[in-house]
1. Give me the residue from region B:42-53 that is of a type in the set (D, E, K, R) and over 9 Å from residue B:22 (Cβ atoms) and, out of that set, nearest to the other protein chains (Cβ to nearest Cβ).
2. Among (1) in contact with a His (Cβ under 9 Å, 6 or more places away or on another chain); (2) surrounded by fewer than 20 Cβ atoms within 10 Å (Cβ to Cβ); (3) small (Gly, Ala, Ser), there is one condition residue A:128 misses while meeting the rest; what is its number?
3. Regarding region B:54-75, can at least one residue be identified that is closer than 30 Å to residue A:137 by Cβ and within 13 Å of chain A (Cβ to nearest Cβ)?
4. So residue A:59 fits all but one of (1) assigned to a helix (DSSP H, G or I); (2) open to solvent by 20 Å² or more (accessible area, probe 1.4 Å); (3) not acidic (Asp, Glu); what number is the exception?
5. Mind checking which pairs have a first residue in region A:69-87 that is free of Cβ contacts under 8 Å to residues at least 12 places away in the same chain and a second that is of a type outside the set (Lys, Arg), Cβ under 7 Å, 6 or more apart or different chains?
6. Mind listing whichever residues of region A:153-184 are of a type outside the set (Ser, Thr, Tyr) and under 16 Å from the mean Cα position of the chain (by Cα)?
7. Six or more apart or on different chains, Cβ atoms under 8 Å: show the pairs whose first residue is in region B:66-93 and without any contact (Cβ under 8 Å) to a residue 12 or more places away in the chain and whose second is hydroxyl-bearing (Ser, Thr, Tyr) and in a helix (DSSP H, G or I).
Amino acid sequence: MTQAEALKEYLLRLADSDMILGQRLCELCGKAPALEEEMALMNVALDLVGQARNWYEYAAELIDDGRDADKLAFRRDAHDYRNLLLTEQPNEDYAVTMGRQFFFDVWHYFTLKSLTESSDERVAGIAAKALKEATYHLRRSSEWVKRLGDGTEESHRRMQEAVDILWRFTGELITPDDTDRVMAEAGVGPDPDQLAKDWRGMVNEVLTQATLTPGAEDAWMYMGGKHGEHTEHLGFILAEMQFLQRAYPDATTW
Amino acid sequence: MSEWRLYEVFVRSKHGLNHKHVGSVHASDAEMAMENARDLYTRRSEGVSIWVVPSDTITASASDEKEVLFDPSEDKVYRHASFYKLPDEVGHM
C-alpha cells in the first residue's frame, strides 16, 4: 500500500467515525433526559459532523474523482464506510450513550493530539482545531462515567453493564492494521503502540475512579469497521441519514 | 432529573469587566452545572468566564418588601450627581 492510498483510507476513517457518531447522537434530539443534556449532546454531535466535513473535504481533494464532501457522506453504502464499529452502536440507555462516548473520546483525544504534529500540514491543521473540541468532549464524558459509576446502586449497575457491552468494540480503536502502520511510518498518523498505551492508561484511570471494572485486555474483539465490515446497525443509520440525498439527488433547494 | 439542583449562571463577556446573570441550569453537581452552562450560554461566543452558583444559596429580597425597600429612594433626587449645578469653570465632566 502506498502512502497516498493509505492517506485517503485514513482520512475516510476519521471522517466516517465522526459522522456516524454525530448522527447517532443526533437521534437523541428531542429525547434527551434533560434540556441541558440535550443541548450538550447536540453540541458534541455538531462538533463531530463539522470535523467530519473537514476530513471529507481533504479526502475528496485527494480522491479527486468528482465527488465532494457531501457525496462522500451521503452516497456511499455501508461496505464503503470506514467508521469504527463502536461509533455505530445504538444509544440504549444513558450509561451506554456516555460509555460509548467516553471510549471514543479517549481514542479521539489522543489520536488528534498526535495528529497535530503530523508530517502532513493539512492533517495537522484540521487536528489542531478539532482537538480543542475533543478535549471538552472527553472531559464531559469522563465526568459522566464517574458520576454514573460512582453514583447510586442502579447507576453503577447500568454503567458497569455499559462497559461490559461496549468493551468488545474497543479493541478496534487501538489495534493497528496496514493503513495505520503506513501512516505511522510516514509520520502522518499516531504511533500505534503509544496510542494503545495512552488509551488504556486513561480508560483504566477513569474507570477506577468510577469504581468500574474494565474488560480484559485479551478479550475477544469485534473488528472490521475500518475495512467496511459492519454490525447490522450501520445500514439503518445510513438509510435514515442518506434518505434525502438519495431521494432527491443533487437537489439544491430544500 | 427532578432531584437535580438549580444553579444560577453568570457569564463575563470578552470585553465585560463583571460577570452578568444570564440564566439558570439544572445539574447534579457543580462540575455538571459548569459544563451545562458552557453548552447553553456560551455557544455563540458570549463569554470567557463562567460562574455557577447554587440558586438556594442566594438570599433574595422579598417582593412584598418592594415598597419599603425601594420606594424611599425615589424622591431623593439629590442622590444623583445631575442634581447639582456645575460651576461654569468646571466645563464638561
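The values are calculated or read from the model by the stated rules, or taken from the named source; none is laboratory data. Quick caveat, the model's predicted, so the values are computed rather than measured. Virtual Cβ from ideal backbone geometry, glycine too; neighbours counted across all protein chains shown. Ligands, DNA and RNA are excluded from the accessible area calculation, which covers all protein heavy atoms including side chains. Shrake-Rupley method; radii C 1.70, N 1.55, O 1.52, S 1.80 Å.
1. B:43
2. (1)
3. No, there is no match, as no residue in region B:54-75 is closer than 30 Å to residue A:137 by Cβ and within 13 Å of chain A (Cβ to nearest Cβ).
4. Condition not satisfied by residue A:59: (2).
5. none
6. A:166, A:167, A:168, A:169, A:171, A:172, A:173, A:174, A:176, A:180
7. From residues that are without any contact (Cβ under 8 Å) to a residue 12 or more places away in the chain, the pairs are B:79/B:73; B:84/B:78.
Yes or no, residue by residue, for (1) surrounded by 10 or more Cβ atoms within 10 Å (Cβ to Cβ); (2) at pLDDT 95 or above; (3) not polar (S, T, N, Q):
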| position | (1), (2), (3) |
| --- | --- |
| B:50 | yes, yes, yes |
| B:68 | yes, no, yes |
| B:84 | no, no, yes |
| B:92 | no, no, yes |
